[in-house]
Structure formats: structure tokens, C-alpha cells
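Worksheet: the structure to be examined is printed underneath.
The values are calculated or read from the model by the stated rules, or taken from the named source; none is laboratory data. Everything numeric in this text was worked out from a predicted model, so none of it was measured. Virtual Cβ from ideal backbone geometry, glycine too; neighbours counted across all protein chains shown. In case anyone asks, the SASA skips ligands and DNA or RNA and just uses the protein heavy atoms, side chains included. Shrake-Rupley method; radii C 1.70, N 1.55, O 1.52, S 1.80 Å.
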Amino acid sequence: MARTGTGATPSDDPAPAQATPPGSPASESEPRDDPWAEERRERPWARPLLIAAVIVVVAAVSVGGWWWVGREQPRPATFHAEPTSAFYSAIDTRRNDAAPLTLQEVFTAAGKTLGKMSLAATREFTDCDEVLWGATAPGCTQALQATYQGGSMAGQFVIFNLGDGRTADALVAALRKDGFVRQDIAFEAAGSRAQARAMGHYVTVSWVGGTASAQDLLTALIALDGLGRVVQGRVIAAS
């Protein structure tokens with residue numbers, strides 16, 4: 001959001017002194033050893049010029065700050081989205097699947113290496129909107145994230161724990177047009193590929209990019225998307 005700078009106004013300064021004719025008592029009371037007295041009398045424009053310069057600098061900083069904050073966030077070049085289905089009806093609401101997800105449950109030892117990529121870091125968020133831009137996840141209680149990198153590509157996987165299938169579908173729909181997940185590991189977004197799935201009250205988002213071939217990126221995306229198999233275990237437990 002744009003921020004407007006504010007410079008000094010006439011009301012900010014003390015009331016200007018009335019001009020005093022040379023030789024008057026006020027003029028004679030001026031300290032004779034002030035080396036800048038003559039300079040101030042001969043350059044009455046100096047103070048207004050300084051104020052104008054400050055205003056210009058503040059305005060430039062404000063515009064620059066708006067440009068930085070207002071920049072468009074990266075999106076995948078190719079994106080596929082799926083709503084939930086009857087297969088996940090047993091966990092269509094969190095009431096049937098109340099136990100929170102854990103990092104160890106989602107990111108197992110088998111998932112430390114996915115093809116040419118290796119696990120770089122995992123994080124858990126209790127405020128799901130921290131992982132999103134341009135979209136919100138009402139009722140979401142946790143978001144678990146993993147980032148991967150390897151060779152000329154990198155990627156990330158996020159799973160959101162929402163209240164029910166309706167809000168899960170709404171988040172997937174928002175990711176298609178309103179916003180997306182924040183990019184938390186460096187890779188070239190141009191040419192990147194992503195997939196989002198609503199599965200009962202969960203949403204998974206897989207995103208991979210880089211300078212690797214299109215086939216390598218597709219293979220990596222399928223591997224990342226496979227981390228969502230944790231939801232199938234929740235279906236079995238709730239059935």
C-alpha cells in the first residue's frame with residue numbers, strides 16, 4: 001500500500017520574525033561573533049530549499065517502498081487444481097479426523113529424497129495465511145511445509161489442515177485466480193509447474209521449478225505430489 005511522506009508545513013515552524021531595519025536595537029543585539037550571521041542574511045532561500053529537498057527525498061522513499069511491497073508475487077507457469085471427491089468423504093470434516101498432522105507423519109524418512117531432489121527444510125505454521133499471498137484459509141489450524149532442492153531445480157510442498165471439504169475446495173479455487181502459496185525456496189518461477197488438490201478437509205500444493213528439462217520438472221512434481229499420500233492414511237483411520 002502506498003505510503004505518502006509528509007514534509008514540514010508553515011505551522012510546524014515558529015512564527016517568522018518581523019523584518020528589522022538595519023541599525024535597530026534588535027539588529028545590534030545579534031551576536032557579533034556569529035560567523036554564520038552574514039551568511040543567513042544573504043541567503044534567505046536556504047531554509048525553504050532544504051525543506052523542499054527533504055520533501056522530495058521522503059516522497060521518493062515512499063514511492064520506492066510502495067513499488068517494493070506492491071510487486072507481483074511469483075506464480076507457476078503451469079497449474080493444475082482438483083476439488084475433493086467422494087473418496088475422501090470419511091474425512092470431509094475435521095470432526096472425523098481431529099488429531100493434528102505432525103511433520104514426522106507427513107515427511108517420513110522415505111521422503112527425504114525425491115528423485116533428483118533432497119529435503120532441505122521443514123516448517124510448521126499455525127497461521128496458515130503466513131504461507132499464502134492474495135488468498136486466505138479461514139478455519140485452517142496448521143500448514144506443514146517442506147522444501148527440496150537438487151541440481152538445476154527446487155520445489156516445495158505444503159499441506160493445509162482446514163475445517164471441511166467446502167473450505168478446502170474454496171482454497172483450491174482461490175489458488176487458481178486470486179493468489180498462491182509464497183515461494184520459500186529459490187527457483188525460476190517462469191516455466192515452473194504446480195498442482196493443488198483438495199482431499200476431504202486437507203489441501204496439498206506441490207510446486208517445482210528451475211532450469212531443468214520439462215520432463216525432469218514433471219517427474220519432480222509427481223514425486224512432490226506423492227507426499228499427499230499421508231491423507232489416504234487418515235481416510236483409512238477414519239473409516
Using beta carbons and a limit of 9 Å, which pairs, at least six apart or on different chains, have the first residue in region 91-118 and without any contact (Cβ under 8 Å) to a residue 12 or more places away in the chain and the second one open to solvent by 60 Å² or more (accessible area, probe 1.4 Å) and small (Gly, Ala, Ser)? Ala99/Ala237
Look through region 56-81, keep the residues that are modelled with pLDDT of 50 or more and open to solvent by 60 Å² or more (accessible area, probe 1.4 Å), and return whichever of them is nearest to the chain's Cα centre (by Cα). Gln73
Among residues of region 202-229 being open to solvent by 20 Å² or more (accessible area, probe 1.4 Å) and of a type in the set (Val, Ile, Thr), the residue nearest to Pro100 (Cα to Cα) is Ile222
Can you work out which of the residues in region 123-132 that are open to solvent by 40 Å² or more (accessible area, probe 1.4 Å) and part of a strand (DSSP E or B) is farthest from Asp92 (Cα to Cα)? Arg123
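Residues are listed down the side, and each one gets a yes or a no for (1) of a type in the set (Asp, Glu); (2) within 25 Å of Glu130 (Cβ to Cβ):
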{"site": "Asp184", "(1), (2)": "yes, yes"}
{"site": "Ser192", "(1), (2)": "no, yes"}
{"site": "Gly200", "(1), (2)": "no, yes"}
{"site": "Val205", "(1), (2)": "no, yes"}
{"site": "Thr211", "(1), (2)": "no, no"}
Restricting to region 91-116, count the residues that are of a type in the set (A, V, I, L, M, F, W, C) and surrounded by fewer than 16 Cβ atoms within 10 Å (Cβ to Cβ). 5
With respect to Phe87, determine if the residue is within 17 Å of Thr204 (Cα to Cα), touching a residue at least 40 places away in the same chain (Cβ under 8 Å) and aromatic (Phe, Trp, Tyr). yes
Filtered residue count, region 141-162, keeping only those that are within 22 Å of Tyr88 (Cβ to Cβ) and either open to solvent by less than 20 Å² (accessible area, probe 1.4 Å) or in contact with an Asp or Glu (Cβ under 7 Å, 6 or more places away or on another chain) (or both): 11
Residues of region 175-211 satisfying the condition of being more than 16 Å from the chain's Cα centre (by Cα), under 24 Å from Glu72 (Cα atoms) and not in a strand (DSSP E or B): Arg176, Lys177, Glu188, Ala190, Gly191, Ser192, Thr211
Here the residues within region 182-201 that are touching a residue at least 40 places away in the same chain (Cβ under 8 Å), surrounded by fewer than 24 Cβ atoms within 10 Å (Cβ to Cβ) and not charged (D, E, K, R) are Gln183, Ile185, Ala189, Ala190, Gly191, Ser192, Gln195
